Structures are given as C-alpha cells and as structure tokens.
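I am attaching a structure below and will ask some questions about it afterwards.
The values are calculated or read from the model by the stated rules, or taken from the named source; none is laboratory data. Note that this is a predicted model, so its numbers are computed, not measured. Note: ideal-geometry Cβ built from the backbone for every residue, glycine included; neighbour counts use all protein chains shown. The area values use the complete protein model at the heavy-atom level, side chains included, leaving out ligands, DNA and RNA. Shrake-Rupley method; radii C 1.70, N 1.55, O 1.52, S 1.80 Å.
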Amino acid sequence: MTTLVSTLVLGGARSGKSVFGEKLVADSALSRIYLATATRSDDEMTQRIAHHRSRRGDGWITVEEPLALVDALTREAVRGRAVLVDCLTLWLFNLMEAGRDPEIEARRLTRFLGVAAAPIVLVSNEVGLGLVPETPLGRTFRDAQGRLNQIVAAAVPDVVFVAAGLPLWLKRAQQEN
C-alpha cells in the first residue's frame, strides 16, 4: 500500500478518470473532499452532476467552486484530508469564459500544490489526442488545456493516464511495497 500523494489523473471523456481519482482518495483513509468545478449550466450538466454525486456515495464533503480553485484548496486541503478536484478542464473553461488568464491561474495552482498540507488528486481531460478543432476558439481551448496539464504534471509527484478504466502510470514518485 502506498501513501496518497498529489496526483494528476488524465484521460478522455468517459475514460474512467473520475472513478479512478475517487478511488485513490477513498483508499487513503483520509477525510474526503470533493471539489467540484462544474456548474449547472443546463439539464444535461445537472444530470451529470447528479450521477457523480450518487456514484461516489456517502462519506464525501462536496465543495462547489467553478473559478476560485486556489482559494477553495487553501480552505479545504488541510491535514487529515484528501481533496479530489474534478475537473481541471471545466475549471479552465470557466476561467476562459470569465476572461481570466489561464496561465496566471495555473501558476497560482502549481505554487499552491508545492506547499499543500494535504494530498490533492486533480482530474483533467487529455483533449489533444483527437481531431484538430475546427474553430479558433476550439484550438485555443485545446492548446490551453495541454499547457495546463503539462504545468500541473510537472508540479505533482504522480501522474496517471486512464483509458478504458485502466491506469497507465506516467510518473510515480513512490512505488508500492
């Protein structure tokens, strides 16, 4: 068994990355904080949020924060807890929609990750593996997501890519005993 360390969990849509991140946190025996970045923007997103809540069950404290991620982590990532951030992709979208600079916000996040008192598991989409987006906005978002993932991956000890529900460890600070 390994001790939970801050981890970036990457994957595509419906790859199992959120379930994998939830399991990492649940297996830690620490108090579980679910930091949600999604907003109930439409019926489909409301249904997704309800599905995530019901799947993870009891024992989680849910904190909703679509923009001020570092502020929420400062409050929630304290000793004795493990925080799951789901997900960085929606956080990035929210930042861009609000006109905030993703690079500045990503640097704030990575500075916090370097001093966090609790392990933080960050879920993020790997959007650069598909087709080149048709629109300039789509390409801008894809590029920003790739940069965000690289910055966070460099800042955490562990990085795992999940495909078809299966983990492929890309970076691992400590090996299982």
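Between 0 and 90 degrees, rounded to the nearest ten: what's the tilt of helix 88-97 against the longest Cα principal axis of the chain?
Rounded to the nearest ten degrees, it is 40.
If each DSSP helix of 4+ residues adds -39,500 (n - 2.57) and the sum is divided by the residues in the chain, what number results at 222 nm, nearest 500 deg cm²/dmol?
When only DSSP H runs of four or more count, the value is -13000 deg cm²/dmol.
Tell me which residues come under 5 Å, amide H to amide H, from Val121 once H is placed; ignore anything under 5 positions away on its chain.
For Val121, whose amide H was placed from the backbone, the distant partners under 5 Å are Thr7, Val83, Leu84, Val85.
Let me ask you something else. Which one of Val63, Val115, Val85 has the biggest mean-square fluctuation once the chain is modelled by GNM with Cα springs under 10 Å?
In this elastic network of the chain, the residue with the biggest mean-square fluctuation among Val63, Val115, Val85 is Val115.
Select one label from (1) 63, 48, 27; (2) 47, 33, 32; (3) 57, 39, 30: the one whose number is Cα extents along the principal axes in Å as derived from the coordinates shown.
Among (1) 63, 48, 27; (2) 47, 33, 32; (3) 57, 39, 30, the one calculated here is (2).
How high is the relative contact order of the chain, in percent, with contacts defined as C-alpha pairs under 8 Å that are six or more residues apart?
35 percent
Tell me, what ³J(HN,Hα) does each residue in the range 64-75 have, in order and in whole Hz, if you take phi through Karplus 6.51 cos²θ - 1.76 cosθ + 1.60 with θ = phi - 60° and put x for Gly and Pro?
Those phi angles translate into 9, 8, x, 10, 7, 4, 5, 4, 5, 5, 4, 6 Hz.
Can I ask one more? For the range 7-172, what proportion of DSSP beta bridges, expressed in % and rounded to the nearest 5, is antiparallel?
Taking every DSSP beta bridge within the range 7-172, about 15 percent pair in antiparallel fashion.
For the range 26-122, how big is Rg over Rh, using alpha carbon atoms and the Kirkwood form of Rh?
0.97
Could you please state how large a percent of the accessible area of the chain is carbon and sulfur, counting protein chains only and using a 1.4 Å probe?
Of all accessible area on the chain, carbon and sulfur atoms account for 55 percent.
Continuing with this model, one more query. Go through the range 2-93 and name the trypsin sites (Lys or Arg not before Pro) that are in a DSSP coil and have 11 or fewer other Cβ atoms within 10 Å of their Cβ. Kindly include the intermediate steps, with their values, before the conclusion.
On the way: sites: Arg14, Lys17, Lys23, Arg32, Arg40, Arg48, Arg53, Arg55, Arg56, Arg75, Arg79, Arg81; in loops: Arg14, Arg40, Arg79.
Here the sparse-neighbourhood loop sites are Arg14, Arg79.
Can you give the angle from 0 to 90° between the axis of helix 43-56 and the longest principal axis of the chain, with both taken from C-alpha atoms, to the nearest 10?
Compared with the principal axis, the helix lies near 10 degrees.
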